[in-house]
Amino acid sequence: MERSRRSFLKILGISTLGLGTLSSVDLLAKVGKGEPVYNQTPDALVGKRWALVVDVNKLDEEATEKAIEACHQVHNVPEYEGEEEIKWIWTDKYEHVFPGQEHAYLAGEIEEKPFLVLCNHCANPPCCRVCPTKATWQRADGIVMMDQHRCIGCRYCMAGCPYGARSFNWKDPKTTYWKEHEPPNRTYPIRGKGVVEKCNLCAERLAKGQIPACVEAVKDSKAIVFGDLEDPNSEARELLHEHFAIRRKPELGTNPNVYYIV
Amino acid sequence: MYNKGLVITGIVIFVVFFTSPFLIGLVKSGPPPEPELSPKAKEARLCVEAKEFMVESHMQVLNDWRDEAVRNGKRIYVASDGKEYVVSLQNTCMDCHNNKSKFCDQCHNYAGVSPYCWECHIEPKEK
Amino acid sequence: MLETALKGSKRYWILVLALFGLHGIGATAFLYQLSKGLTVTGMSRDVSWGIYIAQFTFLVGVAASAVMVVLPYYLHNVKEFGKITILGEFLAVAAVNMCLMFILVDLGKPMRMLNVILHPTPNSILFWDMVVLNGYLFLNIIIGWVVLSAERKQVEPPKWVKPLIYLSIPWAVSIHTVTAFLYAGLPGRHFWLTAIMAARFLGSAFAAGPALLILLCLIVRKVSKFDPGKEAIQKVANIVLYAMIISIFFVLLEIFTAFYSQIPGHMHGFVYTFVGLHGHGNLVPWTWAFAIMAVVATLMLLCPPLRKNETTLAISCLLVFFSLWIEKGITLVITGFIPNPLETITEYVPTLPELAITVGVWATGFLILTILYKIAVSVKEEIAS
């Protein structure tokens, strides 16, 4: 009895495997049919290393508020308060943005100035290094993108980011925040619970030939300038050539692409 | 076989329980889904691809659209008839099919599936 | 062999039922968490990993400790361990299961967990963690089951199991090396950015795991006719002692580097856990509990009469286990997030649902352990008679 039970189980196992491969071959055949064509939008902004240059001297409360509001409106960022807040761009003081650089005799109004803080779209991003599913990755143009369809919500990227740029959806925005408020931009999705989100450098706007929302909001004062660092003629490069600019935590080797003219 | 009576009874009960949804369906089934095209969709007459193809494969199309737009940055889809569409569930598909409850939900509810798209993609407002 | 788990004393069934009940409570809390999201926990934007990941971190070490009886027995013929390798391997199975469960309950989208396999990302340490944890689980299940059933039939285990046993030895080291790498490679978290993180994990693993193994052996001897052997237990106690000394030494090394260099980033974490930082210090009592228990346990283990007396040995092992459970299972992970990258502090307190799920996972692990140990002990009793 034992001999034949063992061989019965063996045959069962092998046939299950066999049937399984049969159906998956079938599936592969179906998907492989046809060659749909996808193109980039013709007027998309194309670059090799997108960066932001923030002129802190041109920033005041009003300008920063405009920039933050523009971003959060365009991307339907829920405005939670407290420790579960979600923010793509916000302001903080010098001592928090550049920890270790502060001292007792800081110049002028630097101590109280509002610094705009967001994802740095690093050229060497630790968040992309640690993501187990490539739900966040670095595009060829330098933008560190998020794919909320793939994110499993492990939050390893949040632990990996040295700048605290990432937020997590601890609760479901659709049934909590957006029940009380109208999504300001119905052409852009909201996020579900359990995924990470952060600034995406307005990739969807760049695809339509538009500059990032925060940049647009302060374009009169040019407090934030958007440009391609690999293009020597870009406004961003010119600004960096003319003014001394610093970046956050450069010693960590992340090679951030948000520069601050202080 | 040991406990032949118990074992065979057990197998019979299991088979009946396991196939009960189908057996109940034989006796009493709900009405088949009747998805209703919105006026805008009716006017457009042609979806991104042929109706039969879309009925069978719109899930695959949406998956491909998702990957091409988000992951590859390619937001223009060239259909098999040469027409170009902006790759967007919210802004292209739902622009024409703006009556989710009378269209999309009809088949989805019948088949008992709840695609998670709507967790994030904003549904068009219906009158 | 599974049928031996279906026959037991009243005490056994009460234990199984109680553990199953706790598992049920945890499962209910988990369903609540699935519907509302991880907001039901105490985690925040700043402290984005909490006790789920912290407990997983501790249990990885416990799982690896099987190697502490497997290595001496199979590579160095320490005959005393022959009777208890199965207990070590089954403990590893239960512990790895708990690790995997803790990871699962921590995910924001657990239904997408297969993405880690569908979209393999070799540059991500989490990917490798998935690989080594699952590999270790299968290794130990296969090895434990095959060797035990061979023992039951009073024959030599099949030849192909030997290479698997040898493989399980470096593999055990790999599971917590990889888990340590999760932390030790993050440029923004200075409390974790130390080359000896993996070594610290090994040290505490080889203290906490064998300590639990000793306690389990003492319990097994009490509730069954199987005696793991006084010599085996004493040898394992020696291992616990050395591992404890090394673990404490490693923590002191960290403290030296932090405070002699006076670099704020290095010091902040230790200041937060030991005395509190900027008025925040809810981990301070836990840290001191760990420190005091660790020192007392080490001193007790150092003292031969206290080590040889199995009652005081049991107390030492409890102290070892709980002190390291605090250090690896609470303070290490939480402190990594404090202060946050912008140098402000958000503290973390687990919520009731979070604790319920945690207890549920532990209960499930102990349920698996109970069943596996029942099988092992029943087989040992069978062949003894």
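Scanning region A:45-61 for residues that are part of a loop (DSSP other than H, G, I, E, B), in contact with a strand residue (DSSP E or B) (Cβ under 8 Å, 6 or more places away or on another chain) and within 21 Å of residue A:114 (Cβ to Cβ) yields a single hit, A:59.
Condition check ((1) out of contact with any strand residue (DSSP E or B) (no Cβ under 8 Å at 6 or more places or on another chain); (2) free of Cβ contacts under 8 Å to residues at least 12 places away in the same chain; (3) surrounded by fewer than 20 Cβ atoms within 10 Å (Cβ to Cβ)) across all residues:
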| site | (1), (2), (3) |
| --- | --- |
| C:13 | yes, yes, yes |
| C:34 | yes, no, yes |
| C:38 | no, no, no |
| C:49 | yes, no, no |
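Among the residues making up region B:1-56, those that are small (Gly, Ala, Ser) and assigned to a helix (DSSP H, G or I) are B:5, B:10, B:20, B:25, B:41, B:44.
In the set (1) more than 14 Å from chain C (Cβ to nearest Cβ); (2) at pLDDT 95 or above, residue A:252 fails one condition alone, (1).
Check region B:53-64 and report whether any residue there is away from every other protein chain (no Cβ under 14 Å), under 18 Å from the mean Cα position of the chain (by Cα) and farther than 30 Å from residue A:141 by Cβ. Even if it seems obvious, please write down each step before you answer.
Our first condition is that a residue be away from every other protein chain (no Cβ under 14 Å); within region B:53-64, this holds for B:55.
Pick out the ones that are also under 18 Å from the mean Cα position of the chain (by Cα) and you get B:55.
Add one more test, that the residue is farther than 30 Å from residue A:141 by Cβ, and what stays is B:55.
Among the residues of region B:53-64, at least one is away from every other protein chain (no Cβ under 14 Å), under 18 Å from the mean Cα position of the chain (by Cα) and farther than 30 Å from residue A:141 by Cβ, which makes the answer yes.
Restricting to region A:149-168, name every residue that is closer than 21 Å to residue C:34 by Cα and either within 7 Å of chain C (Cβ to nearest Cβ) or of a type in the set (Ser, Thr, Tyr) (or both). Full working, then the answer.
Of region A:149-168, the ones closer than 21 Å to residue C:34 by Cα are A:149-156, A:158, A:167-168.
Those that are closer than 21 Å to residue C:34 by Cα and either within 7 Å of chain C (Cβ to nearest Cβ) or of a type in the set (Ser, Thr, Tyr) (or both): A:150, A:151, A:152, A:153, A:154, A:155, A:156, A:158, A:167, A:168.
The condition (being surrounded by 14 or more Cβ atoms within 10 Å (Cβ to Cβ), under 30 Å from residue C:66 (Cα atoms) and either without any contact (Cβ under 8 Å) to a residue 40 or more places away in the chain or touching an Asp or Glu at 6+ places or on another chain (Cβ under 8 Å) (or both)) is satisfied by just one residue among C:243, C:232: C:232. Each residue in region A:166-186 was checked for being over 16 Å from residue A:148 (Cβ atoms) and in a loop (DSSP other than H, G, I, E, B), and 6 pass.
Does region A:104-113 contain at least one residue that is at pLDDT 95 or above and among the aliphatic types (A, V, I, L, M)? Spell out how you get there, then give the answer.
Filtering region A:104-113 down to residues at pLDDT 95 or above leaves none.
Looking through region A:104-113, none of the residues is at pLDDT 95 or above and among the aliphatic types (A, V, I, L, M).
Regarding residue A:173, is this residue within 14 Å of chain C (Cβ to nearest Cβ) and not hydroxyl-bearing (Ser, Thr, Tyr)? Judged against the criteria, residue A:173 is a match. Does residue A:179 qualify as being of a type in the set (Lys, Arg), closer than 28 Å to residue B:91 by Cα and more than 10 Å from chain C (Cβ to nearest Cβ)? Criteria met by residue A:179. Annotation: residue C:349 fulfils all but one of (1) more than 23 Å from residue C:272 (Cα to Cα); (2) within 14 Å of another protein chain (Cβ to nearest Cβ); (3) of a type in the set (A, V, I, L, M, F, W, C); the unmet one is (1).
Evaluating residue B:82 against the criteria (1) under 30 Å from residue A:141 (Cα atoms); (2) surrounded by 11 or more Cβ atoms within 10 Å (Cβ to Cβ) leaves one unmet condition, (2).
When the residues of region B:74-98 are filtered to those that are in a loop (DSSP other than H, G, I, E, B) and more than 10 Å from chain A (Cβ to nearest Cβ), which remaining residue is nearest to residue A:43 (Cα to Cα)?
Going through the qualifying residues, I end up with B:83.
For region C:31-41, state whether one or more residues are at pLDDT 95 or above, more than 14 Å from every other protein chain (Cβ to nearest Cβ) and more than 19 Å from residue C:329 (Cβ to Cβ). Scanning region C:31-41 turns up at least one residue that is at pLDDT 95 or above, more than 14 Å from every other protein chain (Cβ to nearest Cβ) and more than 19 Å from residue C:329 (Cβ to Cβ). Of all residues being surrounded by 12 or more Cβ atoms within 10 Å (Cβ to Cβ) and hydrophobic (A, V, I, L, M, F, W, C) in region B:18-45, which is farthest from residue B:75 (Cα to Cα)? Just the residue, please. For region B:18-45, the residue satisfying everything is B:37.
Counting residues that are closer than 21 Å to residue C:80 by Cα, which helices (runs of 4 or more DSSP H) fully inside region C:204-308 reach at least 1?
Values: elements: C:230-261, C:264-274, C:284-302, C:304-308.
Of the helices (runs of 4 or more DSSP H) lying wholly inside region C:204-308, those with at least 1 residues that are closer than 21 Å to residue C:80 by Cα span C:230-261, C:284-302, C:304-308.
Exactly one residue out of A:51, A:67, A:63 is closer than 30 Å to residue B:68 by Cβ and not polar (S, T, N, Q): that is A:51.
The values are calculated or read from the model by the stated rules, or taken from the named source; none is laboratory data. Bear in mind that the values here come from a model prediction, so they are computed numbers and not experimental data. FYI the Cβ positions are ideal-geometry reconstructions off the backbone, even for glycines, and counts take in every protein chain you see.
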